[in-house]
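A.B. asks: Next up is a structure, given as structure tokens.
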Amino acid sequence: MKTILVCCGTGVATSPQVANKINDFLAEQGLDHLAKATPEPIGEAKTTIENDDNVIIYVGIAPADGDLQEVLDANHVVGMVGLPWLTGMDQDNANQKVADIVKQAE
């Protein structure tokens, strides 16, 4: 199963909320057997991505900084910003992008 890594400062408030919305969307689309969104503190993101080949998407509440972006690029992980799932604005497009990436990774 592929992983969508959802990160915020501590991994206990905002990222679980976003991860739940992504997981609900995946279930609605019948894609929950292919991927799962998992919340995590931002401080652990680089190590997780470097050590887990199943991570295909990084969703950060803020855009990735330069160091994290290098890790995303080196590991072919797509970076996304989590604001659409928090605000509802452009959430349909963000969901579609997730679905497209998950289907490609199948």
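No value in this document is a laboratory result; all are computed from the given coordinates. Remember, it's a predicted structure, so these values are computed and weren't measured experimentally. In this analysis, Cβ positions are derived from the backbone assuming ideal geometry, glycine residues included, and neighbour counts consider all displayed protein chains.
A.B. asks: Cross-link candidates for LYS36: which aspartates and glutamates have Cα within less than 12 Å, leaving aside residues fewer than 8 places away along the same chain?
C.D. replies: ASP24
A.B. asks: Nearest 20 debye, what's the magnitude of the dipole of region 58-106 about its Cα centre given +1 on Lys and Arg Cβ and -1 on Asp and Glu Cβ?
C.D. replies: On the way: 2 positive and 8 negative charges, 36 e Å.
Using Cβ point charges on Lys, Arg, Asp and Glu, region 58-106 gives about 180 debye.
A.B. asks: Only Lys, Arg, Asp and Glu count, each charged at its Cβ (+1, +1, -1, -1), so figure out the dipole size of the chain about its Cα centre, rounded to 20 debye.
C.D. replies: Numbers: 6 positive and 16 negative charges, 46 e Å.
With only Lys, Arg, Asp and Glu charged at Cβ, the dipole is about 220 debye.
A.B. asks: Non-local amide H neighbours of CYS8 (under 5 Å, H modeled in plane, Pro and chain starts lacking H): which ones?
C.D. replies: Excluding prolines and chain starts, which carry no amide H, the hits are SER15, GLU40, ILE42.
A.B. asks: With the radius of gyration and the Kirkwood radius both derived from the Cα set of region 1-89, what is their ratio Rg to Rh?
C.D. replies: Working: Rg = 12.0 Å, Rh = 12.8 Å.
Result for region 1-89 is an Rg/Rh of 0.94.
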